[in-house]
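The values are calculated or read from the model by the stated rules, or taken from the named source; none is laboratory data. Predicted model only: the values in this text are computed from it and were never measured. FYI the Cβ positions are ideal-geometry reconstructions off the backbone, even for glycines, and counts take in every protein chain you see. In case anyone asks, the SASA skips ligands and DNA or RNA and just uses the protein heavy atoms, side chains included. Shrake-Rupley method; radii C 1.70, N 1.55, O 1.52, S 1.80 Å.
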Amino acid sequence: MFTKTDIEAYFLAEKQGSLLFMVVGLVAIALALLFLFLVRGKFYKGAALPLLLIGIIQLSASYTVFRRSDEDRVRNVYAYDANPYQLKNDELPRMKKVNSRFVTYRWIEIMLTLAGAVLVFYFRAKPSGQFWFGLGVTLALQGVIMLGADYMAEQRSRAYTSGIEAFTSKL
């Protein structure tokens, strides 16, 4: 049975996951800046680009989720008792959109991971290709990290959506 506790748990996990991902994004950005300005070598210059660009995406996306989680939690816990139709008419369609986006994210992350792997295998033994080798290593690594994080978020999201569907089907 879907309860207010389930709503609380979902948004708490969402907030904690986004906080962890903000740290990942900050570490990626810090490493990128370190590689760009303090470490010599083409490998590190290549590695810096995906770290910086994807780190910025990780930080900004996770900050957005972190910032709105409490408001979403309060709104939906209140709606559970006071206006369950709000869960059916607003939250359920929102969550279905969220769930459909995970499919798009997954394919993008798979493509980034594969592109990184291709670069790694193609340039691994070429001394002149160290920039591309470094870019490939961090691109593949960032792709795998994002796949893992989004997989966990998707599992939480789908369970939460199923709970809302079960709860609102009785309305």
Pair list, Cβ < 9 Å and 6+ apart or interchain, from segment 44-56 residues that are within 20 Å of Ala117 (Cβ to Cβ) and at pLDDT 95 or above to residues that are among the charged types (D, E, K, R) and open to solvent by less than 10 Å² (accessible area, probe 1.4 Å): none
Pair list, Cβ < 9 Å and 6+ apart or interchain, from segment 90-104 residues that are farther than 17 Å from Asn76 by Cα and open to solvent by less than 30 Å² (accessible area, probe 1.4 Å) to residues that are in a helix (DSSP H, G or I) and acidic (Asp, Glu): Asn99/Glu154; Phe102/Asp150; Phe102/Glu154
Filter result for the condition that a residue is without any contact (Cβ under 8 Å) to a residue 12 or more places away in the chain and not in a helix (DSSP H, G or I), over Val74, Val39, Val23: Val39
Which listed residue is aliphatic (A, V, I, L, M), buried (at least 18 other Cβ atoms within 10 Å of the Cβ) and closer than 30 Å to Leu171 by Cβ, from Ile54, Ile7, Ile29: Ile7
Leu139 vs. criteria at pLDDT 95 or above, of a type in the set (A, V, I, L, M) and open to solvent by 60 Å² or more (accessible area, probe 1.4 Å): no
The lone exception for Met1 - which of (1) modelled with pLDDT of 95 or more; (2) closer than 15 Å to Tyr160 by Cα it fails: (1)
Condition check for Leu141: in contact (Cβ under 8 Å) with a residue 24 or more places away in the chain, touching a Lys or Arg at 6+ places or on another chain (Cβ under 9 Å) and either under 17 Å from Pro50 (Cα atoms) or of a type in the set (Ser, Thr, Tyr) (or both): no
